[in-house]
Each structure stands twice: as C-alpha cells, then as structure tokens.
Amino acid sequence: MLLFTAKRVLSGILLLVAVSIGTFFLAHLAISDPTASLLGTTASPAQQAALAEKIGLDRPLLVQFWDWLSHAVLLDFGVSWRNFQPVGAQLAIKVPVTLSVVTFATLITAVIGIAFGMITGLRPGTWFDRIIKGISVVLFALPGFWVSLVLVMWLAVQLKWFPAVGYVPPTQSVDGWLRSITLPAISLALGGIVAVSEQLRNAVIAQSRQDWVRTLRSRGLSATRVNLHILRNASPAALTVIALMFVGLLSGAIVVEQIFSLPGLGQLTNQSSQNGDIPMLLGITVISIVFVILINLLLDLVLGWINPKVRVA
Amino acid sequence: MTTTDIRVAFDRAAQKRRSSLFRRFLRHPGGYIPLAIFVLIVLVGVFAPLLAPMDPNFVDLAAAKAPPGSEHLLGGDSTGRDILSRLIYGTRTTLWGALITIITALVIGVPSGVAAGYFGGTFDRVATWISDALQSIPGMIILLVVAAGSRNNFELLMATVGVFMVPGYFRIARSQTLAVRSEPYIDAARVSGLPDGRIIFRHVIRAVYPPVIIQTALTAGIAMGMQAGLQFLGIGDSNVPSWGAMMLEGFRLMLTYPLMLLWPSAALGLTIAVLAIMGSTLAELVQVRTPRVSRRRARAEAAATAPRHPATGRAQHTAEGSVLRVENLRVVHATPTGETEVVHGVTLDVAPGEVVGIVGESGSGKSQTVFSVLDLLPSTGRAVADAIWVGGTDVTKATPKQRQALLGREIGYVPQEPMSNLDPSYTIGHQLIEPLRRTHGLRRSEAEEQARAMLVRVGLTEPDRVMRSYPHQVSGGMAQRVLIAGAIAGKPSLLVADEPTTALDVTVQAEVLELLRELQAEYGMALLIVTHNFGVVADICDRVIVMRGGDIVESGPVDSLFAAPTEDYTRELIAASLDEAEGRAELDRTRIEATA
C-alpha cells in the first residue's frame, strides 16, 4: 500500500511538472506580446518596453522558465503582471470561493448519485429506473452553464428562492453563504449525478449477480444487510467517476462563476487570460492540478480501504 | 479454412450486423425521431443563407429590443439585429465548430487507441499515461489561454476542444481493439500471414466503429456545450452569430427581455438532447440485454405451459414427517428469445436425518431445483410448485420474507465454488460473525467465540488467523470449510449442498466429504446434496434421485440403484463416475457428440 501510494504521488508530481511546462510554453507561445494586452492599445512602444523589462520579458524564455520554476518549487508563484500583487495571496482569496462551490457540488453529486444508483441498480426495469435513465441521457449531455441559466431563470428570478447572483463569505453569514453557493453547486452537480448514478447502477447490477450474494442471503441476512455488501463492492466504480468529475467541475466552475458573479478562480482565469497575465494563469493551473492530484490520492486511499486486494498487495 | 474464407465470412457477418443495426435504429422511436430532428437542424445550418429572412449582422435601429412581430418574427436584439436570422446562422456556427472538434478528436484518438491496443508495449503505456493526464487537466483554463493568445481564433479553439476529447476516443478504441485482438479469427488471420495493417483495417476497425459512433454523438453534444460556454464568456468574433453569444446577451437582459435568452437556450438544449438520445438508443441496440419477468407474468406463463408434461418423481414420506417436500416444482427462466422451462415439474422429499443425493449432468435442472427450495433463484428465474413443505409446514403461500426467515435457521446452504461465494471486501471473520449477530441475535463477543469454535470444528487449526484473513488470502479448501462452518452455524435441520466438492482438488474433495458426513451425523441434520458424481453418492447418500433435462428419471435407495439401475442414463452416469478422471472425459465427449 505504501509503495502503491508512493507511486501515485510520484506520478502526480510528474503530471504537475509536465502540465506546468506545457502551460508555460503554451502561454508564452499563444500570448506573444503580453505587454500589449496588459497596457491596452494606447500605450507607447517605450511604455511597453519598460514594462517588458520590469517583468523580465526581455530575458530568454528558458531563463524566464527557470526563474519561475525555481521559485514555484518553494511555493512562490511570483507577482501578477497586472497589479504586481503576489499571485499566491490572490489565489488564497479566490480559491475558497471555487472550492466551496465545487466541494458542495461534489457532495450533492455523491449523495444523490449514490442513492439513485443504488435504487435503480437493485431494482432495474422499474418505472423509477426508466425515468432516471430517461432524464440521465439528456442531463448528462447538457452543459452545466445551460442548466445554470434555466435554474437562475426559474428558481432565482421567478420563484426568488435563492439570490440570482453574488457571493457571501461564510465568515459574514453561514446561511447567506449556503444560499449563495446552492444554485451554482446544483447546476454543476446535475451532470455528475447522472454519471455517478449510471455507473453505480451498472456496478450494483453486476455485483448482485455474484455468487456470494446468494450465499449471504442463504445465511438469513436481511435484504438491507446484503445490499450493504453489494454497495461496498460496487462503490469503486462510482468513486472513480466522482474523482474524474471533480476535474470537470473545475472547468465547469469557470463559466458558472461568471453567471452567478462569484469572485472565484473562474473569474480570475477569465480576466487573467484576457489580460495576458501569465504568472497568474500558471498559478491557477498549478493549484488546479494540485487539487486534482489530491482528489486522486484520496480516491486511491478509499479504494484501498474498500478493496483489500489493493491494500495487502 | 483459408484466409479468404475467414475474411469473406467475417465481412458478411459484419455487413449483416451493420445493416441490421442501422435498420433497427430507424425502427426505434428513440432512433428516428431524434434523427429526423437532427437532420432538420443540419439542413437549417447548411441552407442558412436561403432560410434566414435577413442578413444576421444587419442593424435596424428601430428593431432594437423589439418584441416578436411580423417584420422580425422573434424580435430584435439589443442593437437591432434580427434574432431569427442570427439563430439560423448560429446553427451553422454550432455545427461547424462541433465538426472541427470531432474530426480533431477522431483523427488523434482512434488511430492512437487502435495502435495502443493492437501493439501494446511502451507505446501503449506512454499513450495511456498521456491520455490519463489529459483527463486530469481542467480544459477550460487551457482553452482560455489559447483564446487569449490566438485572438479568439474560432477554428483553433474548437480544435483545442477536440484535443481534450481525445481520451474518450482513445480509451474506447484501445479497449475494443484489445478485446478483438484476443479473438481466434484475428489469430487465424495473423497466422495465415495477413499484414498487421490489413488486419487492423479489415477487422479491428469494424469492431471499433459502433462504440466510436456512440461516442461521437456524445462528443458532439459536449463540444457544442463547450463552444457555447466559451462564447458565453465573451470569447469569439461578435460579427459571427453564435448561440452562446446570444445567450450572453439574453442573460444580461434576462429580467426585462427573457425571450432573448429563451430562443438560443432552447436551440442549444434541443440539439444536444437529440444527439444524446441518438447515442443512448444506439448504445442500447448494440448491447445484448437480458429480459426480466415479473412474478405475475411468470406465474401466468408457467400455468399456461403446465399441462405439457406430467410431474416426475414421488414423495417417500408424509408431508408432516419430512424435513423437505417439494410437489410438482417447475422453474421458468426468461431468455432473450422468450421463456424457457428448465425444471418440468418434479416431486421429491427428504426425511429428518436422511442423506439424499440429486445426480445429473450440467443442465439437468438439479441446481435450479435446489435454488427453488432456498427461494434464491436468479432474477430471471421463477419457481411454481403445487406445494413446498419445510420442516413439516406448508410454505407455498409464504411471503418472500417468511421464506427468507427459514434460511440460516431451518436450512443451511453450502455452495459449489468456494472462492466466488465469499464477499471479497470483508474479512472471513466478519462474514461468519455478521449472520450470527443479525440472524441469531448473539452479542459480538459470543458471536466471535462461536465463529472461532465453528472454524475449529470444521478442521481449521488457526481460527484467529483465518478470521483476520480476506477470502483471496486462503486456499479453496479452506474457503470451502469456512462456507460449511457458515452453513451449519444456525444448526439447521436441513443442509443443502450444491456440488460441494466439484471445485476442489481431489485430495481435498475426500476430506470435505468426510467432514460433511461427520457433521450430518453429529447434528442429526438432513442433507440434500447435489452432484454429478456417483462416487460422492456412493460415499455418503442413503437415497438418490437422478435428474435429466429437468425431469426426475429414476430414484431409490443407493444400494439397489447401484445394483440394478433401470435407466440407461443412470448406468452411464455410474460408469462415468467409476474412474473419475477418465469417466469425466468420456461424459464430456458424449455430451459434445449429443449437442453436435
């Protein structure tokens, strides 16, 4: 198990380095002259040159990369080219917003997805199963922001149950915080719910056909207890989807935050890419990948706990 | 068979499969309805210049935020452009973008997936790692970088979306190729000297394409969503009409002009929905599904087929004086082609303390009979009987819950395959203790104590180590002893054993059989043992029932049956069991000849 975890950590670090290199050069390649977008069209060439010198753009690309990397490994991501504030400090403000929404969305997905998957998997072919399947097909394909718009129109504008836009930090009001992230979280979660439910349903059906299910029943155990055994054996499939979905949620959050005017990573990404603020973009990429790696590690640990073969081997 | 023969046969089969899949798709309402709508959407996109009432970028200041009217059927947007025209041209943009995405993803994903699956090795490992890595990158961030750098170049952006869709195609192509790669006809083709390129082209591609089409329907929908999402973020040329940009404008004016948001949202939702439904219908048609029968329908159908065949076998004891009695039991299974009756009405009974063997080859219905007694048939199967008596009580009319209450208390069950009958995720100790606590109401410490004692009783010398172990850490023989310990934990009056020794090594077989005999004598249990082996019967049984093809062909005390079997089939079974190894082979041969 220790060796297994070590391997995964190593693979994660490799991924982090690969994506950092990729993003660095892609950003520099794509945004060939960041000073133009940073200063706007009215800036004179002299002003542009001055800025380029200030942020070190006049140096060779490899030198710039080494400069960035050698600081990044010490968790120093430099300063924004836009406002010269430290990247880390700005991320520290934005990350909690996105993380609240994404974590809440993941929780909703897990709870409802697992419940639906269990119900439909244990009794396939019932009307409930068919309805869930019908809804799933369409919901899975619809983009989160489309669902957000529908939810905003209906729940916020028409019924006025939730605020349409804005973010309330939990330090200000826990109730307000929950209300402000509920709609964005639901919009993000809907696609995931059907994905988790579908995976778990298939896994539950497959596990229900296992010989040991019959043997457990022959011991006089109640259906509920046998179902717990089935659920535990079927859960790896659902958990893998939940972890994979987390990546999709980070992407989806960028658009959804725009709709709900949430001051999170999504807004920051959008602004930074428009401004050509490369250090900020790199910081965002690194922090996102770190989250992905952490989620995958957590998944591995949970899978190891569920499946003794992984743990003992 | 020559290569050409193989190829021709395979081509024909593939062609038949393909045309019938397409035809079935067109007949299915989940196929033709969304397809018709999608074709309509494509036509609207292709003929946009003919269909649109005016230039999508023509500004009519008088029409700014105009409500739907005769001049502007869906009204005007905030700068006075015709919404209907922009919607129609937006269809074009949406489809063109999705096409770029799909082609990019297909061209990269499918060949690399096929190559990784077909050749394996380092390429497979590297490609799989890249594919996994690509899936863990939040694509939207990279897309925004590309958008900023390329000054919102639409084609480049859609191609980048395509790159993030590559893993979907790669995985499918790889796993399909791996599956086909191990098929005998691919080996045949390789052995006959067909070059790899042609094998891939002719055979592998054919297996890969149905899931690829399904994936394409899904990818197209996701690509359209991503595209609209980017446009919604304000990325794109404002002169190119797009649904996403229209949604952004509508969203800004949502409170005053909700219709402006409605039209593009509806168009996008409808397009994605029909693609998703087409994909799902295709997936459903490709899969082979096992049907399920409702209890009521099964009863009705079993009753309808009832008088076809008289019941076989007969009871030896009074109903009240037997531990088990089954009268005219029929078992029906649902198959893809309809209902099949696998047990055609059998009657049998077991007296307290009696050891009865049910003998027959695979498919004789012996296991189905036993599962019916336990009320543990698979979900496709249903049992009907004139009467089932357990412990002198008629349980024919009992509810499933009441039937279940007999298990573990009145009836114990020892399965055939020891390894697959233990839950792999729990320790053996847990699996023994849980029923003792839940079914028999023992306290935790008592249950642990008894589980340990039972393990010692079935001959396991290190009970604590076994209880801590997971099923994959013990041998088959040990697992079977554990299962026997579990079956007798509730001191049942009837122990049902389904081929309890078949999956074990020959040396272990004798030990397990000996253990069953000892326990039967010690507890005074009745034992109903299912086997294909007359050796087992001779060892342990008082009475034997011979089954074939769902009927009882002969039954009687072991001694007389061995001495003078009346049926040829019984004689064959006895002969086959005399020399286990040789006899089994012969039986298999006759069975193969019989089915050939």
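Structure data summary
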{"read-out": "Boolean, A:Gly125 is in contact (Cβ under 8 Å) with a residue 12 or more places away in the chain and farther than 22 Å from B:Phe232 by Cα", "value": "no"}
{"read-out": "Boolean, A:Val87 is in contact (Cβ under 8 Å) with a residue 24 or more places away in the chain, out of contact with any Pro (no Cβ under 9 Å at 6 or more places or on another chain) and hydrophobic (A, V, I, L, M, F, W, C)", "value": "no"}
{"read-out": "Residue that is surrounded by the most Cβ atoms within 10 Å (Cβ to Cβ) [pool: residues in region A:149-182 that are under 22 Å from the mean Cα position of the chain (by Cα), away from chain B (no Cβ under 14 Å) and hydrophobic (A, V, I, L, M, F, W, C)]", "value": "A:Ile181"}
{"read-out": "Test: residue in region B:355-364 that is crowded, with 19+ Cβ neighbours inside 10 Å and touching a Gly at 6+ places or on another chain (Cβ under 6 Å)", "value": "no"}
{"read-out": "Candidates B:Ala503, B:Ala479, B:Ala485, B:Ala497, filtered to the one that is within 32 Å of the chain's Cα centre (by Cα), assigned to a loop (DSSP other than H, G, I, E, B), at negative phi and among the aliphatic types (A, V, I, L, M)", "value": "B:Ala503"}
{"read-out": "Filter result (surrounded by 16 or more Cβ atoms within 10 Å (Cβ to Cβ), among the β-branched types (Val, Ile, Thr) and under 21 Å from B:Leu134 (Cβ atoms)) within region A:7-52", "value": "A:Val19, A:Thr23"}
{"read-out": "In region B:120-137, the residues that are touching a residue at least 24 places away in the same chain (Cβ under 8 Å) and part of a helix (DSSP H, G or I)", "value": "B:Asp124, B:Ala127, B:Thr128, B:Ser131, B:Asp132, B:Leu134, B:Gln135"}
{"read-out": "Enumeration of residues in region B:147-167 that are surrounded by fewer than 24 Cβ atoms within 10 Å (Cβ to Cβ) and facing chain A (nearest Cβ under 7 Å)", "value": "B:Gly149, B:Ser150"}
{"read-out": "Residue pairs meeting the criteria (Cβ under 7 Å; at least 6 apart or on separate chains; first facing chain B (nearest Cβ under 10 Å), in region A:14-26; second assigned to a helix (DSSP H, G or I) and of a type in the set (S, T, N, Q))", "value": "A:Val19/A:Thr285; A:Thr23/A:Thr285"}
{"read-out": "Unmet requirement for B:Thr318, which otherwise passes all of (1) within 30 Å of A:Leu122 (Cβ to Cβ); (2) among the hydroxyl-bearing types (Ser, Thr, Tyr); (3) modelled with pLDDT under 85", "value": "(1)"}
{"read-out": "Any chance B:Ser112 is within 14 Å of chain A (Cβ to nearest Cβ), out of contact with any Cys (no Cβ under 8 Å at 6 or more places or on another chain) and closer than 30 Å to B:Arg198 by Cα", "value": "no"}
{"read-out": "Checklist (1) at pLDDT 90 or above; (2) on the phi > 0 side of the Ramachandran plot applied to B:Lys491, failing item", "value": "(1)"}
{"read-out": "Single unsatisfied condition, B:Pro307 versus (1) modelled with pLDDT of 75 or more; (2) within 30 Å of B:Arg330 (Cβ to Cβ)", "value": "(1)"}
{"read-out": "Criterion: surrounded by fewer than 23 Cβ atoms within 10 Å (Cβ to Cβ), more than 11 Å from every other protein chain (Cβ to nearest Cβ), closer than 19 Å to B:Met224 by Cα and among the β-branched types (Val, Ile, Thr) - qualifying residue of B:Thr79, B:Thr104", "value": "B:Thr104"}
{"read-out": "Members of region B:401-424 that are within 25 Å of the chain's Cα centre (by Cα), surrounded by fewer than 21 Cβ atoms within 10 Å (Cβ to Cβ) and touching a residue at least 24 places away in the same chain (Cβ under 8 Å)", "value": "B:Gln416, B:Glu417, B:Met419, B:Pro424"}
{"read-out": "Members of region B:324-377 that are more than 15 Å from B:Cys541 (Cβ to Cβ), out of contact with any Phe, Trp or Tyr (no Cβ under 6 Å at 6 or more places or on another chain) and in a loop (DSSP other than H, G, I, E, B)", "value": "B:Pro336, B:Thr337, B:Pro352, B:Glu361, B:Ser362, B:Gly363, B:Ser364, B:Gly365, B:Asp375, B:Leu376"}
{"read-out": "Meets criteria (within 34 Å of the chain's Cα centre (by Cα) and modelled with pLDDT under 55) for B:Arg296", "value": "yes"}
{"read-out": "When residues of region B:494-513 are limited to those that are of a type in the set (Gly, Ala, Ser) and within 14 Å of another protein chain (Cβ to nearest Cβ), the one surrounded by the most Cβ atoms within 10 Å (Cβ to Cβ)", "value": "B:Ala497"}
{"read-out": "Lone unmet requirement of (1) closer than 19 Å to B:Leu282 by Cβ; (2) surrounded by fewer than 13 Cβ atoms within 10 Å (Cβ to Cβ) for B:Pro184", "value": "(1)"}
{"read-out": "Failed item in (1) away from chain A (no Cβ under 14 Å); (2) under 30 Å from B:Ala179 (Cα atoms); (3) not hydrophobic (A, V, I, L, M, F, W, C), with B:Tyr89 passing the rest", "value": "(2)"}
{"read-out": "Total residues in region B:387-438, condition farther than 29 Å from B:Val458 by Cα and in a helix (DSSP H, G or I)", "value": "3"}
{"read-out": "Helices (runs of 4 or more DSSP H) (entirely within region B:195-268) containing at least 2 residues that are closer than 18 Å to B:Arg86 by Cα and either within 12 Å of chain A (Cβ to nearest Cβ) or not hydroxyl-bearing (Ser, Thr, Tyr) (or both)", "value": "B:205-232, B:243-252"}
{"read-out": "Sole exception among (1) modelled with pLDDT of 80 or more; (2) closer than 28 Å to B:Ile272 by Cβ; (3) at the interface with chain A (Cβ under 9 Å from one of its Cβ atoms) for B:Trp129, by number", "value": "(2)"}
{"read-out": "Options B:Leu460, B:Leu516: the member that is away from chain A (no Cβ under 14 Å) and in contact (Cβ under 8 Å) with a residue 40 or more places away in the chain", "value": "B:Leu516"}
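To keep it simple, each residue is scored yes or no on (1) surrounded by fewer than 19 Cβ atoms within 10 Å (Cβ to Cβ); (2) at the interface with chain B (Cβ under 7 Å from one of its Cβ atoms); (3) within 30 Å of B:Leu134 (Cβ to Cβ); (4) touching an Asp or Glu at 6+ places or on another chain (Cβ under 9 Å).
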position: A:Arg214; (1), (2), (3), (4): no, yes, no, no
position: A:Gly220; (1), (2), (3), (4): no, yes, no, no
position: A:Leu228; (1), (2), (3), (4): yes, no, no, no
position: A:Leu231; (1), (2), (3), (4): no, no, no, no
position: A:Ser235; (1), (2), (3), (4): no, no, yes, no
position: A:Val241; (1), (2), (3), (4): no, no, yes, yes
position: A:Met245; (1), (2), (3), (4): no, no, yes, no
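A quick yes/no check of all residues on (1) closer than 17 Å to A:Trp212 by Cα; (2) not β-branched (Val, Ile, Thr):
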residue: B:Leu422; (1), (2): yes, yes
residue: B:Glu434; (1), (2): yes, yes
residue: B:Ala451; (1), (2): no, yes
residue: B:Val456; (1), (2): no, no
residue: B:Gln473; (1), (2): yes, yes
residue: B:Gly477; (1), (2): yes, yes
residue: B:Gln480; (1), (2): yes, yes
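The values are calculated or read from the model by the stated rules, or taken from the named source; none is laboratory data. Quick caveat, the model's predicted, so the values are computed rather than measured. Reconstructed Cβ throughout: ideal geometry from the backbone, glycine too, with neighbour counts over all protein chains shown.
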